[in-house]
1. For the range 271-278, what does the Karplus curve 6.51 cos²θ - 1.76 cosθ + 1.60, with θ = phi - 60°, yield as ³J(HN,Hα) per residue in whole Hz, taken in order and with x for Gly and Pro?
2. Are there trypsin sites (Lys or Arg not before Pro) in the range 229-300 that DSSP puts in a loop and that have at most 16 other Cβ atoms within 10 Å, and which ones?
3. At R0 = 22 Å, how high is the FRET efficiency between Ser217 and Asn151 if r is their beta carbon distance? Nearest 0.05 is fine.
4. Over the chain, what is the relative contact order in percent, taking alpha-carbon pairs closer than 8 angstrom and at least six residues apart?
5. Using each residue's phi in the range 102-118, evaluate 6.51 cos²θ - 1.76 cosθ + 1.60 at θ = phi - 60° and report the 3J(HN,Hα) Karplus result to the nearest Hz, with x for Gly and Pro.
6. Testing the spin-label approximation: label points 7 Å from Cα along Cα→Cβ at Ser300 and His270. State their distance in nm.
7. Could you list, bin by bin from short to long, the percent of Cα-Cα pairs of the range 1-76 in 10 Å steps?
8. Amide H of Leu254: which non-local residues (sequence gap of 5 or more, or other chain) have their own amide H closer than 5 Å, using H built in the peptide plane?
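A short reminder: the numbers here are calculations on the coordinates, not readings from a lab. All values reported here derive from a predicted model rather than from experimental measurement. Counting neighbours? That spans all protein chains shown, and the Cβs are built from the backbone with ideal geometry, glycine included.
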Amino acid sequence: MLSIGNTISYEKRFYKFNQSSANEYFGESYNFSGIDDKSRLRSFLFKIDADYKTKNLGDFNLGLEYNNHKYSFGNIDSLNISGIPDGIKHSGMTLYGSYSKRTNKFNINANFSSSISEDISGNLLDGNLSYKLNDDINIIGNISISSHQPNYNFSLFKSNYISYNWENSFENIENREFNLEFKSNKYFNLSLDYIGIKNYTYFTKDNLDAIKPFQYSDNINLIKLRVSREFSINKFFFDNQIQYQKISNASGVLNVPEIIARNSIYYSSHLLDKALFLQTGISISYFSKFYMNSYDPLLSEFYTQNTKKIGGFPLVDFFVNAKIQQTRLYFKLEHFNSSFTGYNFYSAPNYPYRDF
C-alpha cells in the first residue's frame, strides 16, 4: 500500500532577559539605565514523503524536507559597536527515509537523513535490531552516527552586556552511539552504552572570567553501564536502578558523575473491598560528586565549571498515590530527609537544592 503525506509548520520562539539596571556580575554594558535583551527564532518547515507498506518485505518511507530559519535579535547595539551581524538566515533541503520490519523473533528499524545544502548541513544514520529470545528475554542493539551544526547561540549572540557578544564559525558536532540491552522481567535489565563525540561545543569561562562558547576538537569517549531490577514481595514493590559511567579524553570540558542510583520502595494494593487503590512509599536518588555545570541566566544555558563539586548526598521523597472510583489523589514530600541530613546541598553551583 502506498500513501503520500505532507507537513507544513511555522514556529516562532523568543527569549528575553530584562533588568531595570545593569549588574556588574555580567560585566560592562552598552546601556547603564537598563537591560532589554531579546532573541528570536522563526522556523518554517515544508515536508513531503511517501510510505510504502508491504506484507513480506517491510515498510519503506522516503521524503524531502525544506527548512528555513531566521535567528535574530531585538534593538541591541543599534549603532553596531560590536561589529557583529544582527542575525542568521539559513535555508536548505534534507533527504530522509526509514525502513522497518517485524517478525515473530526480530524487529528491524533504520533511519537516515542527509542535508543537500550548505546552509543547513548534517546527516544521520541509525539502526535498531531487537531479538526475542523467549517470552521473557529480549536482546536489543542500537547504532547511531550523526553530524549536526551547533545551536545558533554558539555561532552568534548579541547582548547589551559587552562580553556577551560573539560570532563564531564552528565545525559540525559528530556523534557515534552504540547500545546493547538485555531485558528480562524475571532476571534484570542490563544496558551498555558507548558515546563518542567530536567537536563537542560548550560554554565555559575564558581567561577573563567571561562566559564564552568553545569547541573541543578531540574525541570524547563516554561509557555507561546500567543495571535495573524490579521485584515484589507480597504487596511491597522494589524498583532499583544503578548506573556507572566513565568519561575519557574530555579534559574538563564535559563532566558527568560516575555513579547514579534511583530506588523506590512502595506498598501497592486495593483496599476497602477494592474501592480504594493505594500506592505509598519512598523514592531515593543519588549521584556521586562531580563538577556539575553551572547556570547562566542571561544565556539561559548551563556552562562547564571545574572549581566546585556537587553531589554525594541522597534525595529522599515520600509519596502517596490513591484512586477512589474516578477520583485520583497524589502528593509528594520532596527531599524530606533534609531536616536530618542537613541543608547544605546544591542542585547547581550557587543554586541551593529545595529543602523540605
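1. 10, 6, 6, 6, 6, 10, 10, 10
2. Hits after loop and neighbour filter: Lys235, Lys274, Lys289.
3. Efficiency at R0 = 22 Å is approximately 0.75.
4. Here the relative contact order equals 8 percent.
5. 10, 10, 5, 10, 10, 10, 10, 9, 9, 9, 8, 8, 8, 6, 10, 9, 8
6. Reported label-point gap for Ser300 and His270 is 4.7 nm.
7. That works out to 15, 26, 19, 15, 12, 9, 4, in percent per bin.
8. So Leu254 has HN proximity to no qualifying residue.
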